[in-house]
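Let me begin by presenting the structure, written as structure tokens, before commenting on it.
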Amino acid sequence: MRQRPIGTATRGTTNPNRLRRMDRWIADAHGPALRRAGTPVAVDLGYGAAPWTAVELLGRLRTAEPRTAVAGIEIDPDRVAAAKPYEREGLTFVHGGFEVPLAVRPLLIRAANVLRQYDEDRVAEVWARLCSRLDADGLLVEGTCDEIGRRHVWVALGPEGPRTVTFATRLGSLERPSDLAERLPKALIHRNVPGEPVHAFLRDFDRAWAAASPYASLGARQRWIAAVRALAADWPVTDGVRRWRQGEITVAWDALRPNSR
């Protein structure tokens, strides 16, 4: 007997191109693993009421590895039925949840805007379950973005657990880096308070952004790069200028890990 899907349905809200920043980061960061894989399979978990994010994920990952296949997984069977007409070579839609009911272990599970509805104390359990389904070289990307994809924050996890946190934004829409706090994933959003590492990080980022204000005359991108370069003197930034130019910064998870309660 097939296992009952684990989890609850999301609101289903989705928009075309909403996850472009996350997808492009995944294609860049995880492309080598996709190319090494014998069967590179990615999962769009909880894609919502329309299949656009799964369709787009396939296209973007195939720029990194043309053999990549994508499975969209939804706990709502009506959403799966509605997505079926969009299936094609390399793209399927499956009824399921956090158990990830595939015959192969995926190289990637992307869970965007899925855990926002859960309590914070459920996050570790869900992360562990999803990571247990990954291929040995796999990656879980779990995070949140706004409705039109201007601001994202996500955690990247391997089978062993969380590795990094990435903040990504459309720089022209940013007043200060701490504006991204409203898009922190569930593991961090309630920890943006004094005494917690993520609060200190965003405080320092705002200070670096203010100090970089002379670069504003050269454009928001140059100001962001200058601010991130200054921030990297005190925080374990794991990427470089090539990604900073995209309005991104990636930091080691251990530096932002919430304090124990």
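What is the calculated FRET efficiency for ALA233 to ASP206, with r their C-beta to C-beta distance and R₀ = 22 Å, to the nearest 0.05? That gives a FRET efficiency of 0.90. Projecting the Cα atoms of VAL114, ALA232, HIS190 onto the charge dipole of the chain (Cβ charges, centred on the Cα centre) puts ALA232 farthest toward the positive pole. Apolar share of the accessible surface for region 32-164: 54 percent from carbon plus sulfur atoms, 1.4 Å probe. Local charge for ALA64 was computed over the other residues whose Cβ lies under 12 Å away, with Lys and Arg +1 and Asp and Glu -1, and equals +3. Comparing GLY247, GLY138, GLY59 in a Gaussian network model of the chain, where Cα atoms under 10 Å apart are tied by springs, the biggest mean-square fluctuation is seen for GLY59. If only the Cβ of Lys and Arg carry +1 and only the Cβ of Asp and Glu carry -1, the dipole of region 72-184 around its Cα centre is close to 300 debye. Excluding ligands, DNA and RNA, the accessible surface per residue across region 1-43 is 55 Å² with a 1.4 Å probe.
How large is the charge dipole for region 115-236, taken about the Cα centre, if only the Cβ atoms of Lys, Arg (+1) and Asp, Glu (-1) carry charge, to the nearest 20 debye?
420
Dipole size of the chain about its Cα centre, with +1 on Lys/Arg Cβ and -1 on Asp/Glu Cβ: approximately 520 debye, rounded to the nearest 20. Shown here are the Rg and Dmax of the Cα trace of region 23-166, at 13.9, 39 Å. The candidates SER217, SER132, arranged from most to least accessible area with a 1.4 Å probe in the full protein assembly, appear as SER217, SER132.
Taking every C-alpha pair closer than 8 Å and separated by at least 6 residues, the mean separation divided by the residue count of the chain gives a relative contact order of 15 percent.
Model label sites at ARG4 and SER173, defined 7 Å from Cα along the beta-carbon direction, differ in position by 3.9 nm. Build a GNM of the chain with springs between Cα atoms under 10 Å: which of LEU130, LEU45, LEU231 gets the top mean-square fluctuation? Looking only at LEU130, LEU45, LEU231, the largest GNM fluctuation is found for LEU231. If the Kirkwood radius is taken over C-alpha pairs of region 117-261, then at 25 °C and 0.890 mPa s the Stokes-Einstein diffusion coefficient equals 156 µm²/s. P(r) for region 185-252, from all Cα pairs and a bin width of 10 Å, is 21, 49, 27, 3 %, short bins first.
For the chain, what does -39500 (n - 2.57) per DSSP helix run (n ≥ 4), summed and divided by total residues, give at 222 nm, in deg cm²/dmol to the nearest 500?
-9000 deg cm²/dmol
The stretch between TYR86 and ARG36 holds 15.2 nm of extra length on full extension. This uses 0.36 nm per residue minus the Cα-Cα distance. Between THR63 and ALA220, with labels modelled 7 Å along Cα→Cβ, what's the label distance in nm to one decimal, could you check? Taking the simple label geometry, THR63 and ALA220 are separated by 2.0 nm.
For the pair ILE148 and GLN117, a Förster radius of 35 Å applied to the C-beta separation gives a FRET efficiency near 0.95, rounded to the nearest 0.05. Spread over its residues, the convex hull of the C-alpha atoms of region 59-144 is 109 Å³ per residue. Overall, the ratio between the Cα radius of gyration of region 1-100 and 2.2 N^0.38 Å, rounded to two decimals, is 1.06.
The values are calculated or read from the model by the stated rules, or taken from the named source; none is laboratory data. Treat the numbers as computed from the prediction; the structure is a model and nothing was measured. Ideal geometry is used to build each Cβ from the backbone, glycine not excepted, and the neighbour counts take in all protein chains shown. Just so you know, the surface numbers come from the protein's heavy atoms only, side chains and all, with ligands and any DNA or RNA stripped out. Shrake-Rupley method; radii C 1.70, N 1.55, O 1.52, S 1.80 Å.
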